[in-house]
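Read-outs throughout are calculated quantities, based only on the coordinates presented, and are distinct from any laboratory measurement. The model shown is predicted, which means the values in this text are computed figures rather than measured ones. No Cβ is skipped: glycine too gets one built from the backbone with ideal geometry, and neighbour counts run over all protein chains shown.
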Amino acid sequence: MSLFAIADLHLPLGIDKPMDIFGKKWENYVERLEENWQSVIKEDDTVILAGDFSWATYLEESKNDFEFLNKLNGKKIMLRGNHDYWWTTLNKMKEFLIYNNFSNIEFLQNNSIEYENYSICGSRGWLNPTNTLSEENQKIYDREIIRMELSLKEAKNPDNIIAVMHYPPISKDFRNTDAIKLLEKYGVKKCIYGHIHSSNLKNVFEGEHNGIEYNLISADYREFMPIKIV
């Protein structure tokens, strides 16, 4: 068994919003993703999806995207991204999975999911605070910090925590955010994140910082290939 991760699938199977308008890198990306996924993921593997799974606005609109995901190999763990407008309450989403017999998908929100001797904890995150950050955005950021700590407190393997975020908690310019301080407080060893595309890649930080390894796993950045984490 292995643990993989990928983010920002932006599946358009429920609504007509293809990603190839953003350049050649996105041409035939659903087919490429499926081929890559099935070539490396086995049925007993687990894949973390770190946000922006579907372009659907409402849960029912996302059904085709979930059908596509459910048919792919492995168990899936899903975190919310900023474009996952279909995301609603956990009860409604769990009922949706049961009703449609999507049996190999679960959600990461205010909880910890165990994988072998690792605890997978996560939060969507938000824009890193700056002097120009609006009051509303600061409130969202603070709320996501609370959600991350709730998840970290649930870890059954506190010595082996993998943190998952949609927004990057770190960049070349931000090395001392509240999110980073929280991850360090709980002894996180690895943090994976998505959200970043194209021109924003110049600000990406990947590597080790204060004992934590950070990695960007956006689908287009990783050529639509799930990345092995464990």
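Things to note:
- Spin-label model, K42/E60: points 7 Å from Cα along the beta carbon direction are separated by 4.1 nm.
- The chain: most fluctuating residue of I170, I140, I77 per GNM, C-alpha cutoff 10 Å: I140
- Global geometry of the range 1-127, whether rounded, prolate or oblate, following the gyration tensor of its Cα atoms and the 1.5 cut on a/c: rounded
- Prolate/oblate/rounded call for the range 81-147, Cα gyration tensor, a/c under 1.5 rounded: oblate
- Listed peptides 34-41, 205-212 appear in the order 34-41, 205-212 once ranked by packing, highest mean of other Cβ atoms within 10 Å at the front.
- Cα-Cα pairs of the range 59-119 separated by more than 16 Å (percent): 46
- Compared with the direct C-alpha span, the chain from E149 to N210 gains 20.1 nm at full extension, assuming 0.36 nm per residue.
- FRET efficiency for the pair E34 and M1, taken as 1/(1 + (r/R0)^6) with r the Cβ-Cβ distance and R0 = 30 Å, rounds to 0.90.
- Inter-part distance, the range 73-112 to the range 135-151, computed on C-alpha centroids, equals 20 Å.
- For the chain, calculated [θ]222 nm from helices alone, where every DSSP H run of n ≥ 4 adds -39500 (n - 2.57): -8000 deg cm²/dmol
- Taking other C-beta atoms within 10 angstrom as a stand-in for reagent exposure, D44, D8, D16 fall in the order D16, D44, D8, fewest first.
- Under the convention that each Lys and Arg Cβ holds +1 and each Asp and Glu Cβ holds -1, the size of the dipole of the range 71-179 around its Cα centre is about 320 debye.
- Averaging 1/r over every pair of different alpha carbons in the range 173-230 and inverting the result gives a Kirkwood radius of 12.4 Å.
- Rel. contact order, % - alpha carbon contacts under 8 angstrom, at least six apart, the range 172-216: 43
- Amide N proximity, the range 199-230 versus D159 label position 7 Å along Cα-to-Cβ, cut-off under 20 Å: 211-213, 230
- Each peptide in 49-58, 176-185 was scored by the mean count of other Cβ atoms within 10 Å over its residues; highest first, the order is 49-58, 176-185.
- Relative contact order of the chain, taken over Cα pairs closer than 8 Å and 6 or more residues apart, is 23 percent.
- In angstrom, the C-alpha Rg and Dmax of the chain are 16.7, 47.
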